[in-house]
Amino acid sequence: MEAKPCSASLAIKTTHVLPPDTNPYNTLFGGKLMAHLDDIAGIAAVKHANNPVVTASTDSVDFLAPVRVGQYISIEAFVTWTHNTSMEVFIRAITEDIKTGDRKACTTAFMTFVAIDENGKPISVPPVYPENEDEKMLHESAPLRANRREERRLNSKKLAETFGTTYRTEK
């Protein structure tokens, strides 16, 4: 499979933050923002894989600044790293005040997607390569994040087996 540059997967979404999308403090619901992140990151992953994808992991979503009603929010995402069937996507959201034009980074996140075939089975994805220093930094640090995700996933499996509606049944 031929490698693709990070820039080939770049996807951008801009939306207006309206009152129904906000909480009593007139700021965007975190869950609403996360839905936007998943949407645009999924598009970036599809652009890279040229196949459907499913979300495998959402990690390190950092809310850096509030997004207020009446602002625009622009979200950009691109594939930073690949491994067999999975792709790590970096996402950054920026708010823009429509009156002043002031822009501020409000959220960063990493998500992982897996490419699937028509039967829902994982399929290989092309490698990705960075083209600039920022992309290189993200690409080079990706294996460390992947290792942390795997550790967290194993821990999550243990928690799922231990807690829940059948909390600690006798064995």
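Just so it is clear, none of the values below were taken in a lab; they were calculated from the coordinates. Treat the numbers as computed from the prediction; the structure is a model and nothing was measured. Here the Cβ positions follow ideal geometry from the backbone for every residue, glycine too, while neighbour counts run over all protein chains shown.
By a straight-distance test (C-alpha under 23 Å), which lysines pair with Lys157 as possible cross-link partners, with residues fewer than eight away in the same chain excluded?
Lys121, Lys171
Under 26 Å between alpha carbons, and skipping anything fewer than 8 positions from Lys32 in its own chain: which lysines qualify?
Lys13, Lys47, Lys99, Lys104
Take the chain, connect every pair of alpha-carbon atoms lying under 10 Å apart with a spring to form a Gaussian network, then pick out the residue of Ser74, Ser60, Ser86 with the largest mean-square fluctuation.
Comparing Ser74, Ser60, Ser86 in a Gaussian network model of the chain, the most mobile one is Ser60.
Just Ala105, Ala65, Ala49 to compare: in a GNM of the chain, with alpha carbon springs under 10 Å, which one fluctuates most?
Ala65
Most mobile of Lys121, Lys13, Lys136 per a Gaussian network model of the chain (Cα springs, under 10 Å)?
Evaluated over the chain, the most mobile residue of the options is Lys121.
Among the aspartates and glutamates, which have Cα under 18 Å from the Cα of Lys136 when same-chain residues fewer than 8 positions away are ignored?
Leaving aside aspartates and glutamates fewer than 8 places away in the same chain, those within reach of Lys136 are Glu76, Glu88.
Of Thr162, Ile94, Ser74, which is farthest along the charge dipole of segment 4-162 in the positive direction, counting Lys and Arg as +1 and Asp and Glu as -1 at C-beta?
Going by the Cα projections, it comes out as Thr162.
Quick one: 3J(HN,Hα) in Hz for segment 88-94, Karplus 6.51/-1.76/1.60 with θ = phi - 60°, rounded, Gly and Pro as x.
So the J values, rounded to whole Hz, are 8, 10, 9, 10, 9, 10, 10.
Skipping prolines and chain starts, which residues have an amide H placed within reach, meaning under 5 Å, of the one on Phe29, given they are 5 or more residues away or on another chain?
Amide H to amide H, under 5 Å and 5 or more residues apart or across chains, Phe29 pairs with Thr22, Asn23.
Just tell me the longest site-free run in the chain, where the sites are chymotrypsin sites (Phe, Trp or Tyr not before Pro) in a DSSP loop having at most 12 other beta-carbon atoms within 10 Å. The partial results should precede the final answer.
Details: sites that count: Tyr25, Phe163, Tyr167.
Result, exposed sites excluded: 26-162.
Show me, for segment 136-148, the HN-Hα J-couplings you get by feeding each phi into the Karplus relation (A = 6.51, B = -1.76, C = 1.60, θ = phi - 60°), rounded to Hz, glycine and proline as x.
Using θ = phi - 60°, the values come out as 4, 4, 5, 5, 5, 8, 5, x, 5, 5, 5, 4, 5 Hz.
Order by neighbour count: Thr100, Thr15, fewest other Cβ atoms within 10 Å first, most last.
By the 10 Å Cβ count, ascending, the order reads Thr100, Thr15.
For Thr80, list long-range residues whose amide hydrogen, built 1.01 Å from N in the peptide plane, is under 5 Å from its own amide hydrogen.
Amide H to amide H, under 5 Å and 5 or more residues apart or across chains, Thr80 pairs with Glu88, Val89, Phe90.
Which cross-chain or sequence-distant (5 or more) residues have an amide H under 5 Å from the amide H of Ile116, H modelled 1.01 Å from N in plane?
Val53, Val54, Ile123
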